[in-house]
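Encoded as structure tokens, the structure appears first; notes follow it.
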Ligand SMILES: Nc1ncnc2c1ncn2[C@@H]1O[C@H](COP(=O)(O)OP(=O)(O)OP(=O)(O)O)[C@@H](O)[C@H]1O
Ligand SMILES: [Mg+2]
């Protein structure tokens, strides 16, 4: 479904991605793990067209995205819950969700997706008329994921959905991610919480200072000694 | 602010009001006497302030919309409004309108003038964005600001040139730089008298028309921003540009639309001010722009309701100062109030607390 081939992304002169290649197949949950500054967010922003690769190809169902506008990429079926949540602070929860469906015309479909999202996140329904900026951190995270779902994406990019959440909420968010996957959405999940990420993912990549250093299915990665040491906190 | 700083500040304010105040017309006993002697003057003056304030508000919206979207103070905006006035005057000339032309014959010219000045200013504003601001979007913040000042000069000179086209447009009068008289077309029927109310308060059909048009523009803009998808896209870009992109909003298109709307509002204000004050001059963009910008800051720059509130407040304050203080000191009073408000509420009356805006 998605394939990155030898992608280089720069911030000015700083090389953030040094030729990474990853692929995500339809129906999979793939995780991208790595420590701070490894380039995970950069990868998602490059896929979404917010950053442009200096070199390399990004193929989504055969179409090269490296010069496609972000709004076109959204239309093609890629949505994202970004790092730092980025909800619209002065819009209500309901308006935030409507913005998620900005590109869509099918009123009925939007309505049924709204219901689906409220089933996944009942808390958001309770807070429907509250301004986004007044939600708690965890609620904002739910809203960011829900807003991305409102685009009815075929590929959902999640950037650290567990960041700053209480342990209870983290496991709740991860079970929701599994549910979204079970409902048929392909997911590329960026996480620092490698332990949890590898329990929901089929496959994973380990990113280190802009390069993929390791890849394999989730079980292999969980068993890998370097991963255990660096990302799962084993001694 | 620390308590001692507050005390110093109050002292400074008291000093200015008590000592400098009388020079600048702040003579409280006389003002009170004036108001008691003829309260109707006060009411009339409040109405004048309200209407001028509504026009300032429309210009202020152009500043605040653009600032909300790209955080640029568009210094050329006031001059754009001036060009709108010249466009309207030119249309009046083309239709051969003169002072006191029957209202029915003036309706079509006025509608055409509205379309022409709104359209021209919208187009000019979009072109300005495209060629003067967009290339500098990733430059340091000062660069587009300087560019805006440059565009402001270009517009002023354009206005000066336009005012000198008397051989083509006789209505422009004699010298290029001189104020032009704008035909007085709106009927000065005293509405209160027509309703059988005997007062000395002046409220004419002319006042009503200008007020209604100005308020309709503001209400229309609000509905557009709150209800339509395009308006929601504007709010989204203003609140978080990256998030707007992520949900699939074409940010460039929203920026163009913002300049288009701001320009159309400036053009409409140019026509309104011509019809209301019956005089336009190529420098009026500078003063009006300054007041409108002040209004936008007063209300909280980036905040639409704030710009409207700020505009009306500045209009009222100016009208009261003109009447009761001293018209020569009006600008000083207006900006004095601005300074005061910004000292106590740096983010403006309705602006959100800057600390929250990370
Ligand atoms: N706007 C920017 N300008 C310059 N350098 C940047 C910018 N954004 C990120 N970088 C650099 O690019 C590298 C990759 O950053 P990125 O945000 O992709 O890391 P990450 O893996 O998402 O980290 P984290 O887990 O902390 O979110 C870092 O070294 C970072 O300093
Ligand atoms: Mg990151």
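The values are calculated or read from the model by the stated rules, or taken from the named source; none is laboratory data. Source: prediction; values computed, not measured. When we count neighbours, we look across all protein chains shown, and the Cβ atoms used for this are built from the backbone with ideal geometry, even at glycine.
Check whether at least one residue in region A:105-124 is part of a helix (DSSP H, G or I) and under 25 Å from residue A:46 (Cβ atoms), and report yes or no. Checking region A:105-124: not a single residue is part of a helix (DSSP H, G or I) and under 25 Å from residue A:46 (Cβ atoms). Any chance region A:77-96 includes a residue that's within 16 Å of ligand 1 (Cβ to nearest atom) and surrounded by fewer than 21 Cβ atoms within 10 Å (Cβ to Cβ)? Yes, region A:77-96 contains a residue that is within 16 Å of ligand 1 (Cβ to nearest atom) and surrounded by fewer than 21 Cβ atoms within 10 Å (Cβ to Cβ).
Of the set (1) more than 11 Å from chain A (Cβ to nearest Cβ); (2) within 24 Å of residue B:224 (Cα to Cα), all apply to residue B:245 but (1).
Scanning region A:151-165 for residues that are within 16 Å of ligand 1 (Cβ to nearest atom) and within 12 Å of the chain's Cα centre (by Cα) yields a count of 6. For region A:75-94, filtering for residues that are more than 16 Å from ligand 2 (Cβ to nearest atom), touching a strand residue (DSSP E or B) at 6+ places or on another chain (Cβ under 9 Å) and under 18 Å from residue A:152 (Cβ atoms) leaves 4.
Do we have residue B:266 as under 13 Å from the mean Cα position of the chain (by Cα), farther than 21 Å from residue B:151 by Cα, away from chain A (no Cβ under 14 Å) and surrounded by 24 or more Cβ atoms within 10 Å (Cβ to Cβ) here?
It is false that residue B:266 is under 13 Å from the mean Cα position of the chain (by Cα), farther than 21 Å from residue B:151 by Cα, away from chain A (no Cβ under 14 Å) and surrounded by 24 or more Cβ atoms within 10 Å (Cβ to Cβ).
Could you look through region A:44-70, keep only residues that are outside any strand (DSSP E or B), under 17 Å from residue A:188 (Cα atoms) and more than 11 Å from chain B (Cβ to nearest Cβ), and pick out the one that is farthest from ligand 2 (Cβ to nearest atom)? So the residue we want is A:61.
Listed conditions (1) within 12 Å of chain A (Cβ to nearest Cβ); (2) within 27 Å of residue B:114 (Cα to Cα); (3) crowded, with 19+ Cβ neighbours inside 10 Å are all met by residue B:231, apart from (3).
If you check B:91, B:66, which single one turns out to be surrounded by 16 or more Cβ atoms within 10 Å (Cβ to Cβ), at negative phi and free of Cβ contacts under 8 Å to residues at least 60 places away in the same chain?
Residue meeting the stated conditions: B:91.
Candidates B:293, B:282: the one that is outside any helix (DSSP H, G or I) and buried (at least 23 other Cβ atoms within 10 Å of the Cβ) is B:282. Just give me the residues in region A:170-192 being assigned to a strand (DSSP E or B) and modelled with pLDDT of 95 or more, in sequence order. Matches in region A:170-192: A:186, A:187, A:188, A:189, A:190. Out of curiosity, is residue B:243 touching a helix residue (DSSP H, G or I) at 6+ places or on another chain (Cβ under 6 Å), assigned to a helix (DSSP H, G or I) and buried (at least 18 other Cβ atoms within 10 Å of the Cβ)? It is false that residue B:243 is touching a helix residue (DSSP H, G or I) at 6+ places or on another chain (Cβ under 6 Å), assigned to a helix (DSSP H, G or I) and buried (at least 18 other Cβ atoms within 10 Å of the Cβ). Do the conditions hold for residue B:272, that is, is it more than 14 Å from chain A (Cβ to nearest Cβ), in a helix (DSSP H, G or I) and at pLDDT 95 or above? So residue B:272 passes the test. Close Cβ contacts (under 6 Å, 6 or more residues apart or on different chains) running from residues in region A:149-166 that are within 14 Å of residue A:177 (Cα to Cα) and away from chain B (no Cβ under 12 Å) to residues that are in a loop (DSSP other than H, G, I, E, B) and within 16 Å of ligand 1 (Cβ to nearest atom) comprise A:160/A:83; A:162/A:193.
Residues in region B:165-200 that are touching a helix residue (DSSP H, G or I) at 6+ places or on another chain (Cβ under 7 Å) and not in a loop (DSSP other than H, G, I, E, B) were compared, and the one that is nearest to residue B:111 (Cα to Cα) is B:171. Only one entry of A:26, A:9, A:41, A:31 meets the criterion of being within 14 Å of chain B (Cβ to nearest Cβ) and modelled with pLDDT of 95 or more, and that entry is A:41.
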